[in-house]
Amino acid sequence: MKYLTNQAGNRLFDRQQSAVLIALVGLLLAIACGVGRCEQPAQQAPKIDWLTDYTEAMQRAETEGRMMFIFFYHPGVNRLRDHFEANGLADPQVRQRLRDYVCVRLSTESTIRIQGKRVRLLEHEAFSGMKGNQGIAVLDLRSQRAEYYGCVVSTFPFTDEYCYSARQMAIIVDLKPGRPEQRWAEYVARISTAPERGRPRGELRPRIVWMHDYSAAVERADREGKMLLVYFCTFGKDELCRRFEAESLADPAVVEKLQGYVCVRLPLDAAIREGGKRTKLLEHEAFGEMLGRPGIAIVDYKHKDRKYYGHVVSTFPLTGKLWYNAERTLAMLDLPPGTLTQRTLIWAVRVHPDRPASTTGQPDPTLMDEAESHSQYQARIGVQGHHHWGVRFQRIVGRLPHGMTASEVCAESWPGENLVEAAVECVRCWRLSQGHWSAVRAAHRLFGYDMKRGSNGIWYATGIFGRD
């Protein structure tokens with residue numbers, strides 16, 4: 001058999017093999033390309049042409065008559081920045097639109113010289129909307145005739161744990177020129193009506209049906225056996241409310257979940273008549289953990305046979321310290337039945353970044369009661385710990401299905417924290433303990449969580465798990 005060789009004499013293949021190989025290649029190309037056409041490789045998203053100097057970026061935007069897109073980020077190790085760049089800024093649609101901007105990437109410590117003095121950009125009044133945080137700002141240098149020329153026309157700050165999704169960024173970079181309030185109004189309108197990716201065209205998206213009378217909403221929830229969601233708000237006067245409505249309440253998954261709730265939207269001074277007296281709802285002890293703030297409260301009118309029927313079982317005030325993005329809001333709406341303190345601690349476990357699995361099992365009334373009892377005991381004596389665990393263990397195991405055993409975790413908050421802050425802090429403490437975290441992160445067939453506040457202002461948390 002005669003072989004073809006290259007100049008170095010290395011054998012490649014014989015002529016018959018060559019003919020067969022050519023035929024196979026042709027066949028594969030025909031299959032891959034289809035009859036008469038070959039698909040082009042997917043076009044890669046364009047790269048963002050980042051500048052790193054504010055003055056240079058401003059001069060370029062002014063010369064070219066373009067909008068200026070500013071990304072402020074904290075230097076050093078920064079998971080939020082990395083997540084935003086890998087998701088919010090990686091979307092091809094966003095990158096394509098950013099080609100119309102002059103883009104500059106700046107540290108939150110960046111400074112400029114004004115009248116001979118060095119001034120930190122984020123401390124300048126023009127960037128007051130950034131609240132000193134990481135995030136996005138837009139400066140308009142398109143037309144000198146516009147009243148907002150040279151002004152910051154949009155600010156979209158991050159929180160400590162939340163940035164913007166690709167869906168939100170696609171709208172942000174496509175906003176029309178205008179004053180800050182005009183652009184914000186457009187953003188809110190578009191985010192609430194933007195089509196959900198993957199939803200068939202023409203399919204109508206559900207909307208939240210808001211009631212505006214508390215008594216009527218209570219009557220309806222009671223009659224229909226549903227949970228009542230109360231949204232205390234400022235009707236667009238507060239930045240936190242505007243952002244929460246645009247980013248969280250407008251999320252398609254949240255809207256879908258709220259179809260099973262009776263929803264009422266109320267001003268902060270909404271009042272009811274009780275005992276012949278007019279009482280503001282946010283001053284009523286039932287809503288005490290709302291702290292008089294805007295936010296979400298949930299009242300249980302679904303579980304008529306439970307002790308918390310007709311009681312407030314969730315409070316999530318908008319304080320600015322802890323942000324409720326769409327994912328965290330969805331977690332509020334998907335909590336198991338329970339008291340206010342039980343549900344809040346379960347929520348804090350579920351939204352932890354490590355996604356512990358201890359609440360994926362079945363919430364057990366016995367373990368819920370035991371967690372409540374031990375939390376009350378810790379709060380009463382003002383000392384955290386597994387007090388009398390030997391005796392309690394025998395009692396708990398005796399109440400569980402045959403063959404199951406039990407384990408427990410305990411934690412305490414800092415003094416003076418509100419309920420939600422304390423719940424998040426207790427979960428953080430468990431994360432710092434290898435032994436406790438191994439129990440919290442594991443999946444268990446049964447679980448119970450609760451927390452109670454002592455007279456010292458400290459919250460004491462307990463988690464008890466039943467496993468085979």
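The values are calculated or read from the model by the stated rules, or taken from the named source; none is laboratory data. Everything numeric here is computed off the predicted structure, so don't read it as measured data. Glycine also receives a Cβ, built like all others from the backbone with ideal geometry; neighbour counts cover every protein chain displayed.
Looking at region 197-229 only, could you name the residues that are modelled with pLDDT under 90 and either under 22 Å from Phe156 (Cα atoms) or basic (Lys, Arg) (or both)? Hits for region 197-229 are Arg197, Arg199, Arg201, Arg205, Arg207. Kindly indicate whether Ile396 is of a type outside the set (Lys, Arg), under 22 Å from Pro336 (Cβ atoms) and either out of contact with any His (no Cβ under 7 Å at 6 or more places or on another chain) or modelled with pLDDT of 95 or more (or both). Here the answer is yes, as Ile396 does meet what is asked. Among residues of region 175-204 that are within 16 Å of Ile136 (Cβ to Cβ) and surrounded by 17 or more Cβ atoms within 10 Å (Cβ to Cβ), those with a beta-carbon under 7 Å from a residue that is polar (S, T, N, Q) and modelled with pLDDT of 75 or more at least six positions away or on a different chain give the pairs Leu175/Ser154; Arg183/Ser154; Ile191/Gln168. Filtering region 395-423 to residues that are under 19 Å from Val383 (Cα atoms) and part of a helix (DSSP H, G or I) leaves Leu419, Ala422, Ala423. Among all positions in region 188-196, there is no residue which is farther than 23 Å from Gly295 by Cα and either at pLDDT 95 or above or not in a loop (DSSP other than H, G, I, E, B) (or both). Does Thr329 satisfy the criteria of being in a helix (DSSP H, G or I), outside the structural domain of Arg441 (by TED's automatic domain parsing), out of contact with any Gly (no Cβ under 9 Å at 6 or more places or on another chain) and of a type in the set (S, T, N, Q)? Here the answer is yes, as Thr329 does meet what is asked.
The residues on offer are Gln259, Gln342, and the sole one that is modelled with pLDDT of 95 or more and of a type in the set (S, T, N, Q) is Gln342.
Of the residues making up region 256-283, those that are surrounded by fewer than 17 Cβ atoms within 10 Å (Cβ to Cβ), in a helix (DSSP H, G or I) and not charged (D, E, K, R) are Gln259, Gly260.
Among residues of region 388-407 that are touching a residue at least 12 places away in the same chain (Cβ under 8 Å) and in the same structural domain as Met368 (by TED's automatic domain parsing), those with a Cβ under 8 angstrom from a residue that is basic (Lys, Arg) and in a loop (DSSP other than H, G, I, E, B), sequence gap 6+ or separate chain, pair up as Met404/Arg445. Got at least one residue in region 70-79 being surrounded by fewer than 18 Cβ atoms within 10 Å (Cβ to Cβ), modelled with pLDDT under 95 and not in a loop (DSSP other than H, G, I, E, B)? Within region 70-79 (the criterion being surrounded by fewer than 18 Cβ atoms within 10 Å (Cβ to Cβ), modelled with pLDDT under 95 and not in a loop (DSSP other than H, G, I, E, B)), the answer is yes, since at least one residue qualifies. Within region 360-379, the residues that satisfy the criterion of being over 18 Å from Gly454 (Cα atoms) and surrounded by 21 or more Cβ atoms within 10 Å (Cβ to Cβ) are Asp364, Leu367, Met368. Part of a helix (DSSP H, G or I), without any contact (Cβ under 8 Å) to a residue 40 or more places away in the chain and out of contact with any Ser or Thr (no Cβ under 7 Å at 6 or more places or on another chain): is that true of Tyr309 in this structure? Against the criterion (part of a helix (DSSP H, G or I), without any contact (Cβ under 8 Å) to a residue 40 or more places away in the chain and out of contact with any Ser or Thr (no Cβ under 7 Å at 6 or more places or on another chain)), Tyr309 does not qualify. One residue stands out among those in region 103-137 that are assigned to a strand (DSSP E or B) and among the small types (Gly, Ala, Ser): the one that is nearest to Gly150 (Cα to Cα), which is Ala137.
For Ala221, are the conditions met, namely being outside any loop (DSSP other than H, G, I, E, B), more than 24 Å from the chain's Cα centre (by Cα) and loosely packed, with under 15 Cβ neighbours inside 10 Å? Answer is no for this residue. Of the candidates Ala443, Ala439, Ala422, the single residue that is at pLDDT below 95 and among the aliphatic types (A, V, I, L, M) is Ala443. Selection of region 81-94 for residues being outside any loop (DSSP other than H, G, I, E, B) and buried (at least 18 other Cβ atoms within 10 Å of the Cβ) yields Arg81, Phe84, Val94. Among the residues making up region 327-357, those that are surrounded by 21 or more Cβ atoms within 10 Å (Cβ to Cβ) and among the small types (Gly, Ala, Ser) are Gly338, Ala348.
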